[in-house]
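J.: Structure incoming, see below.
The values are calculated or read from the model by the stated rules, or taken from the named source; none is laboratory data. Fair warning: this is a prediction, and the values are worked out from it, not measured in the lab. Virtual Cβ from ideal backbone geometry, glycine too; neighbours counted across all protein chains shown.
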Amino acid sequence: MIRILIIGVFLLNVNVFFAQSSNPMRIEIIEKGVENVVGIPLENKTLLILTHKEKRAPKGEHWVINIYNSVFFKVGNQNLYLPREFELFNYKLMNDSIVYLVFAEKDGYNSSVMIYRLNVRTNIIRHTYIKGARKARLLYLEYLKDKIFLIGNNMDGLQEQLKEIYLTKGIEIIAPNFPEYTNIIASYSNIAANKVIVMSSIYRGSNMGVFYNEFNGQDNISIKNQLHEADNISLIDGSLVESKGHALFFMGTFNYERGKIKDINKLVRVGTFFAKIVDGHFAFFKTNKFSDFTNLFSTLSYKDQVRVKENIKKGKNVDLNFRLLIHKEAIKQGEIYVLTAETYYPEYHYENNFDSRGYMYQTQVFDGYRTNNCIVAAFNENGRLVWDNYMHVDNIRSYRLHENILTFAEKDSSIVLAYYDNGKIKSKVVKGNEIVYKKSEDRVETVLNENILYESNSLIQYWYDNFFILSGYQTLYGRDGKKRKVFYFNLISFE
């Protein structure tokens, strides 16, 4: 069982569940006049809080960056002015003090980008703006010592522009170009070898297949190898994980519809793949359908479980159509690699409307993505599925897909799955196919002397060592009888 400690001015001893300090370490952002708040816990024990102001400034959309140290003391701040509809796309900490913050149009479409280079020690900030092309889409960002790579589709329109753009002296921005009908699956920065690796697939035409692309600090591909995977499948998404020596493990999800759908990202996942890449080639490539998993049936409804079991008895091919959000980072446990994914589905409701002639029609309204399960699956060095497990998720819905579930490894090789919802940390501990501790709920008192009337957008994020940050919106009712709305950050520790 995990134990939770609220961090305050003084750290108290932990009892069986958790201990509440007399003064929880907390940061509050007043909700009034704020459109959005983003917390970025950096591994150098720095917390960045980005606040998007509701009031628009003549220079553009007004954002504020506040820099906090490990005891939540503010050590710096900066004002940012961005084009409308821009949002934080990605960030990266380099050299323990330099943070790159990349803002882009929603979901990376049109690939217009604003890049900031912030020194969290000196509070010095620089920026550059890149105007995107109409059909371009930014998907990933990779960083080497003195280069930033913008990885995406239809980026060829940026080439001439980038020749004249420099973020600061010695920093070069590169946007590699990929062939038409390319699905970019994963990317990886090997800083020690000064190269960026991109896995892609061409899903239409005579050159269909999976490709290993290597960039040696330039926008031109230095190495491009066509790899061979199982026939008649499409690789949808994945991640690259460093292995022993110079090898990489490549893992993700696939579908059987090869080259038949215009938008490959709309394909439903039917299984996982696991491959090892040595010197730019597959040492092996293996697939597992979701029907091969041991515990995955438990995530299905009773009706679906009966249907699937009947099909298996009849010898029919069973494909469990999951929509999966693959976590970007895999967990390494010795010779085992654990992949985490969240299953989700879009929710809608219908509204009745009337046209000018009085005829009624219905409009479909998107309510957000509902996360319903977290799946963990472990593979050995040879790509064999070793075990799988899951945790059912309640009450998480968001308009954008992002990682809601926190997973981390304990010293005894067990895996903790946890998420934060409405003032409670809900967690489960698994070890292989076994359940070490069943799903439990621990109430966390994030504020003193006030009643919490409502919470939303709750999130738990890893920071450093055993420390984690809780955040979200709260409506509070004080002893003075007044209500107030805040976005808050609290520090906790799992032990």
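J.: Testing L93 on (1) out of contact with any Ser or Thr (no Cβ under 7 Å at 6 or more places or on another chain); (2) over 16 Å from T122 (Cβ atoms), one condition comes back false. Which one is that?
T.: (2)
J.: Then there is this: When residues of the stretch 254-279 are filtered for being surrounded by fewer than 16 Cβ atoms within 10 Å (Cβ to Cβ) and either at pLDDT 85 or above or in contact with a Pro (Cβ under 7 Å, 6 or more places away or on another chain) (or both), how many remain?
T.: Final tally of qualifying residues: 2.
J.: Right, here's the next one. Looking at (1) in contact (Cβ under 8 Å) with a residue 60 or more places away in the chain; (2) buried (at least 19 other Cβ atoms within 10 Å of the Cβ); (3) among the aliphatic types (A, V, I, L, M), which is the one condition that is false for I396?
T.: So the condition that I396 fails would be (1).
J.: Every residue in the stretch 118-138 that is part of a strand (DSSP E or B), farther than 16 Å from L162 by Cβ and at pLDDT 90 or above, please.
T.: The answer is L118, N119, I125, R126.
J.: Right, here's the next one. Identify, from the list E172, E142, E164, E180, the residue that is within 21 Å of L48 (Cα to Cα) and either within 22 Å of the chain's Cα centre (by Cα) or not hydrophobic (A, V, I, L, M, F, W, C) (or both).
T.: It is E142.
J.: From the residues in the stretch 115-129 that are over 20 Å from the mean Cα position of the chain (by Cα) and crowded, with 19+ Cβ neighbours inside 10 Å, which one is farthest from N77 (Cα to Cα)?
T.: Looking at the filtered set, the residue picked out is Y116.
J.: Could you tell me whether L385 is surrounded by 11 or more Cβ atoms within 10 Å (Cβ to Cβ), more than 24 Å from S458 (Cα to Cα) and in contact (Cβ under 8 Å) with a residue 12 or more places away in the chain?
T.: yes
J.: A further question follows. Hey, can you tell me all the residues within the stretch 150-185 that are of a type in the set (F, W, Y) and farther than 22 Å from I236 by Cβ?
T.: Answer for the stretch 150-185, where residues must be of a type in the set (F, W, Y) and farther than 22 Å from I236 by Cβ: just Y166.
J.: Please pick out the residue among V75, V37 that is in contact with a Ser or Thr (Cβ under 6 Å, 6 or more places away or on another chain) and at pLDDT 85 or above.
T.: Within the list V75, V37, the selection yields V37.
J.: Here's a follow-up. Would you point out the residue of the stretch 326-345, among those that are at pLDDT below 85 and assigned to a strand (DSSP E or B), that is farthest from the chain's Cα centre (by Cα)?
T.: Y345
J.: Can you tell me which residues in the stretch 5-33 are surrounded by 17 or more Cβ atoms within 10 Å (Cβ to Cβ) and either modelled with pLDDT of 80 or more or of a type in the set (V, I, T) (or both)?
T.: I6, I7, M25, R26, I27, I29, listed by residue number.
J.: If you check Y419 against the conditions, is it in contact with a Ser or Thr (Cβ under 6 Å, 6 or more places away or on another chain), of a type in the set (S, T, Y), surrounded by 19 or more Cβ atoms within 10 Å (Cβ to Cβ) and at pLDDT 90 or above?
T.: no
Here's the yes/no breakdown for (1) closer than 22 Å to K485 by Cα; (2) touching a Phe, Trp or Tyr at 6+ places or on another chain (Cβ under 7 Å); (3) assigned to a strand (DSSP E or B):
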position	(1), (2), (3)
Y390	no, no, yes
E403	no, no, no
S413	no, no, no
L417	no, no, yes
S427	no, no, yes
K439	no, no, yes
T446	yes, yes, no
S456	yes, yes, yes
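J.: If only one of N395, N352 is more than 19 Å from K289 (Cβ to Cβ), of a type in the set (S, T, N, Q), more than 22 Å from the chain's Cα centre (by Cα) and assigned to a strand (DSSP E or B), which one is it?
T.: Exactly one of N395, N352 is more than 19 Å from K289 (Cβ to Cβ), of a type in the set (S, T, N, Q), more than 22 Å from the chain's Cα centre (by Cα) and assigned to a strand (DSSP E or B), namely N352.
J.: If I ask for residues that are β-branched (V, I, T), surrounded by fewer than 15 Cβ atoms within 10 Å (Cβ to Cβ) and farther than 16 Å from T122 by Cβ, which ones from the stretch 51-90 would you list?
T.: Listed by number, the list holds a single entry, V71.
J.: How about the stretch 23-72: which of its residues are of a type in the set (A, V, I, L, M, F, W, C) and part of a loop (DSSP other than H, G, I, E, B)?
T.: M25, L42, V71, F72
J.: Next up: Which condition does I49 not pass, out of (1) under 25 Å from T168 (Cα atoms); (2) over 20 Å from the mean Cα position of the chain (by Cα); (3) at pLDDT 90 or above, if it passes all the others?
T.: Only one criterion in (1) under 25 Å from T168 (Cα atoms); (2) over 20 Å from the mean Cα position of the chain (by Cα); (3) at pLDDT 90 or above is unmet by I49, namely (2).
J.: I'd like the residue in the stretch 97-112 that is at pLDDT below 90 and not small (G, A, S) and, out of all such residues, is surrounded by the fewest Cβ atoms within 10 Å (Cβ to Cβ).
T.: Filtering the stretch 97-112 for residues that are at pLDDT below 90 and not small (G, A, S), the one surrounded by the fewest Cβ atoms within 10 Å (Cβ to Cβ) comes out as K106.
J.: Can you tell me how many residues within the stretch 89-127 are over 21 Å from I174 (Cβ atoms) and of a type in the set (A, V, I, L, M, F, W, C)?
T.: 3
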